[in-house]
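Inspection log for the structure reproduced underneath, given as structure tokens.
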Amino acid sequence: MKVLILGGDGYLGWPTSMDFAAAGYNVTVVDNYLRRNIAEATESDALLVAPNLRERASIFEGVTGKKINVCIGDLADPDFMFEVVRDTAPDTIVHYAEQPSAPYSMRGFREARQTFQNNLDVTFNCIWAVKELAPDAHIVKLGTMGEYGTPNIDIEEGWIDIEHKGRKDKFLFPRAAGSLYHTTKVLDTDLLWFYVRTYGLRVTDLMQGPVYGISTSAADLDPRLCPNFHYDDIFGTVVNRFLVQAVAGVPLTVYGGGGQTRGYLNLRDTLQCVRLAAEKPAEEGELRIFNQLTETFTVTELAERVRAAGNQMGLNVEIKSIPNPRKEKEEHYYNPAHSGLMELGLQPHYMTEAVLGSMLERIIENRDRIVESRIMPRVRWS
Ligand code: USQ
């Protein structure tokens, strides 16, 4: 299988690229370093040093003997997207190439516009390149659980049967996102659904919850192969942030009431889910949607877990609620279905104290690189 990974330099894109290459697939990764550039511009550099994509690919080849082809360029440019798809003739396209930060998308007009244009343009160009040049290719698109928001009913896997005035039909599950970034993913899903039902493309849209983790089988081979591990308020996801805060001696920043519930998953499980989806593709004319999470927690429960793991290692971890910079429900019902990926074969890695403890060890080794001014939220929704 020839796999083209769009956004192959990211927190998830790079480990995914190594995972496919290690499994023997022919892998090409594309990136324009958008996230690195935003991180530099917003003083949000990652905790661990991650060499650029060409260097990482060459280190990976040195360690494993497996090649990862690298293309640097902007997939929002249709000519570049078409050239890449024509040259690689992929069987599978994994699409991560989006501005992934909710806070960045809420920072102001310029950042919102950049997020909107980049995310929609890349998805649109990807759809057209597949439709014109590789119509049998399977697009595996990273969506987000945030597309659904936090409705007061059970969240189904992408679709819902509705009975209305005595008649029945099946629709995309209602969406109500909480940031402009999450809204671009809603729009992506609508675009994909239009082109799937009109032109018979094959697409899997993965509704992923917040991911945590540093370790993967390939990343553990050499410290320079680590993912981009962020703890800042722009790119850091909540579990990764709390663990760094625990090491820095900063009280864990629970936003508001702490009852916000999300579906979390270990980085290793992102890799499993994407590979399972790629190896068992959607049918022609199918938009297949999976909810990609393994466990749900409130923010307060996460903080308690990090405190327990930290205290076990001799850290003195405190928790402190701070005013919520976001507009989101702090107490709500949350019950997402997530059996589809388990049925495909997902074997979850749960958030145990040992998993958090090994992350803390790696962070402690790099504690000199923690910059405290990156921790407190700098972006407010209003
Ligand atoms: N939160 C805190 N304290 C913090 C950071 C976050 O209480 O210091 C809370 C947030 O208010 C939110 C929850 O933790 O209720 C999750 O926040 P997050 O920053 O980990 O996640 P989010 O901004 O929603 O985005 C992340 C990824 C995004 C992905 C999404 C999945 O950055 O790319 O799409 O997780 S989901 O959250 O299910 O939409």
**Request:** Mind listing whichever residues of region 60-113 are closer than 30 Å to TRP381 by Cα, small (Gly, Ala, Ser) and not in a loop (DSSP other than H, G, I, E, B)?
**Result:** ALA102, SER105, ALA112
**Fill in**
Listed by first then second residue, the pairs whose first member lies in region 95-114 and is farther than 21 Å from ARG241 by Cβ, whose partner is within 14 Å of the ligand (Cβ to nearest atom) and modelled with pLDDT of 95 or more, with beta carbons under 6 Å and at least 6 positions apart or on separate chains, are HIS95/LYS141; ALA97/GLY7; ALA112/SER105; ALA112/LEU180
**Message:** Step by step: first the residues of region 123-145, then only those that are part of a loop (DSSP other than H, G, I, E, B) and either touching a Gly at 6+ places or on another chain (Cβ under 7 Å) or in contact (Cβ under 8 Å) with a residue 60 or more places away in the chain (or both), then the one that is surrounded by the most Cβ atoms within 10 Å (Cβ to Cβ). Which residue is that?
**Reply:** ALA137
**Request:** Name the single residue, out of those in region 161-213 being acidic (Asp, Glu) and within 25 Å of the chain's Cα centre (by Cα), that is nearest to GLN99 (Cα to Cα).
**Result:** ASP188
**Request:** Take GLN312 and decide whether it is free of Cβ contacts under 8 Å to residues at least 60 places away in the same chain, touching a helix residue (DSSP H, G or I) at 6+ places or on another chain (Cβ under 9 Å) and at negative phi.
**Result:** yes
**Message:** crowded, with 17+ Cβ neighbours inside 10 Å, in contact (Cβ under 8 Å) with a residue 24 or more places away in the chain and within 13 Å of the ligand (Cβ to nearest atom): is that true of TYR181 in this structure?
**Reply:** yes
**Complete:** Filtering region 330-350 for residues that are hydrophobic (A, V, I, L, M, F, W, C) and touching a Leu at 6+ places or on another chain (Cβ under 8 Å) leaves a count of 3
**Prompt:** Where in region 236-345 are the helices (runs of 4 or more DSSP H), entirely inside, with at least 2 residues that are within 12 Å of the ligand (Cβ to nearest atom) and more than 30 Å from TRP159 (Cα to Cα)?
**Reply:** 238-248, 299-312
**Asked** Scanning for something touching an Asp or Glu at 6+ places or on another chain (Cβ under 7 Å), among the polar types (S, T, N, Q) and crowded, with 23+ Cβ neighbours inside 10 Å, does region 186-207 turn up at least one residue?
**Response** yes
**Request:** Select, from THR253, THR270, THR296, the only residue that is surrounded by 19 or more Cβ atoms within 10 Å (Cβ to Cβ) and either within 30 Å of VAL27 (Cβ to Cβ) or touching a Ser or Thr at 6+ places or on another chain (Cβ under 8 Å) (or both).
**Result:** THR270
**Per-region count, region 22-45, residues in contact (Cβ under 8 Å) with a residue 60 or more places away in the chain, of a type in the set (A, V, I, L, M, F, W, C) and surrounded by 24 or more Cβ atoms within 10 Å (Cβ to Cβ)** = 1
**Prompt:** For region 14-21, does any single residue satisfy the condition of being part of a loop (DSSP other than H, G, I, E, B) and in contact with a helix residue (DSSP H, G or I) (Cβ under 9 Å, 6 or more places away or on another chain)?
**Reply:** no
**Item:** Hits in region 206-235 - residues which are more than 13 Å from the ligand (Cβ to nearest atom) and not in a loop (DSSP other than H, G, I, E, B)
**Value:** ALA219, ASP220, LEU221, PRO223, ARG224, LEU225
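The values are calculated or read from the model by the stated rules, or taken from the named source; none is laboratory data. What you see is a predicted model; the values in this text were computed from it and never measured. Methodologically, a virtual Cβ is constructed for each residue, glycine included, from the backbone with ideal geometry; neighbour enumeration extends over all protein chains shown.
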